[in-house]
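Participant: Pasting a structure here, questions to come.
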Amino acid sequence: MGEQVPRGLAELARGSRTVTVLSGAGMSAESGVPTFRDAQSGLWERYDAAALATPEAWLADAALVWGWYQWRRSLVRACEPNAGHRALARWARLADVRIVTQNVDDLHERAGSAVLAHLHGDLFASRCDTCGQEAHGAEPGPEVAQDGRTPPPRCECGGLVRPGVVWFGEALPPDAFEAGMRSVLDSHLVVVVGTSGLVQPAALLPDIALRSGIPVVEINPGPTPLSTDVDVSWRAPAAVALPALIEALG
Ligand code: BV8
Ligand code: ZN
């Protein structure tokens, strides 16, 4: 028996012409991409993701940070979008579904969705840490060295090529956050899926919806600070809940 869609949610979703989906790391969990809360694996086990995703870590040891991102790029390349990603792509054929994600992976895109905003950047983008010029060809390079450290490429200006993501302590791309906020405000329904709601300012977006009286549903197997405030808190994994919801839309 498929997952039961919470009472009233199918009707609410069916009546929503414009929907904003706010997705976090849990959206990609069933594809095998570890969430930030998960302990990391292999040689990265001893590192805390939140400590590596910082300008300080980059300044201290760019080769370690670059090696970590190369490892994450090859890991994401080896993963497939899951049934949750595919369900959202199907929903977009029935309604105006905008995806605003904290994730830096490309699984929404590979499932066929257009992504309105990557609030925290893109794992496969790279730019010079000095002149800011986009650096192409920084694809997963040679196998990561034994200790994980891999010297980053150099820009012709002499700067180092860094991952095109937003590190802790760095400002979000203003247009991305702005687009996310505008999308939430003109939606009939906001779906928050797979985020612990701890990282700011991304975590403000669901609050903006709630304060504006826009219905918010949360899909997450675990409780979050949002769970008691949302209209529907659906304790289920994304790859189970989203296909059941889209199925119920008929
Ligand atoms: C900024 C890119 C200022 C890099 C990322 C104290 C209070 C408030 C804020 C702060 C503070 N101290 C510091 C801050 C600011 C900080 C912050 O919010 N820290 C938090 C930790 C307290 N924020 C920042 O630094 C931001 N910048 O504030 O700049 C500024 C302003 C102007 C000018 C200059 C500076 C930048 C934050 C962005 C950091 N970059 N990613 C990379 O990926 O390498 S954040 C990264 O972690 C992810 O992108 C994501 O956003 C976050 C992880 O959170 P989630 O996505 O929610 O995932 P998480 O692992 O936490 O949870 C997974 C969830 O999924 C769980 O709830 C779980 O139950 C659920 N789940 C599991 N399985 C499933 C599932 N759900 C559904 N289905 C499943 N199967
Ligand atoms: Zn440069």
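The values are calculated or read from the model by the stated rules, or taken from the named source; none is laboratory data. Note that this is a predicted model, so its numbers are computed, not measured. Using ideal geometry, Cβ is built from the backbone for each residue, glycine included, and neighbour counts are taken over all protein chains shown. SASA here: full protein model, heavy atoms, side chains in, ligands and nucleic acids out. Shrake-Rupley method; radii C 1.70, N 1.55, O 1.52, S 1.80 Å.
Participant: Can you find a residue that is within 30 Å of Leu43 (Cβ to Cβ) and crowded, with 16+ Cβ neighbours inside 10 Å anywhere in the range 173-191?
Facilitator: no
Participant: What number of residues within the range 214-243 satisfy the criterion of being out of contact with any Lys or Arg (no Cβ under 8 Å at 6 or more places or on another chain) and within 18 Å of Thr20 (Cα to Cα)?
Facilitator: Selection size over the range 214-243: 18.
Participant: Looking at the range 88-115 only, could you name the residues that are within 16 Å of ligand 1 (Cβ to nearest atom), of a type in the set (A, V, I, L, M) and either surrounded by fewer than 18 Cβ atoms within 10 Å (Cβ to Cβ) or within 14 Å of Thr20 (Cα to Cα) (or both)?
Facilitator: Within the range 88-115, Leu88, Ile99, Val100, Val115 meet the criteria.
Participant: Let me ask another. In the range 44-88, which helices (runs of 4 or more DSSP H) lie fully inside it and hold 2 or more residues that are within 16 Å of ligand 2 (Cβ to nearest atom), of a type in the set (D, E, K, R) and at pLDDT below 95?
Facilitator: none
Participant: Determine whether the range 121-142 contains at least one residue that is touching a helix residue (DSSP H, G or I) at 6+ places or on another chain (Cβ under 9 Å), farther than 22 Å from Ala57 by Cβ and modelled with pLDDT of 95 or more.
Facilitator: No, the conditions are met nowhere in the range 121-142.
Participant: Filter the range 116-126 for residues that are within 14 Å of ligand 1 (Cβ to nearest atom) and either assigned to a strand (DSSP E or B) or open to solvent by 40 Å² or more (accessible area, probe 1.4 Å) (or both) and give the result.
Facilitator: Ala117, His118, Gly121, Asp122, Leu123, Phe124, Ala125, Ser126
Participant: Just to be sure I understand the filter: pairs with C-beta atoms under 7 Å, separated by 6 or more residues or on different chains, first member in the range 53-71 and under 18 Å from His120 (Cα atoms) and within 11 Å of ligand 1 (Cβ to nearest atom), second member at pLDDT 95 or above and among the small types (Gly, Ala, Ser). Which pairs pass?
Facilitator: Thr54/Gly169; Pro55/Gly169; Val65/Ala57
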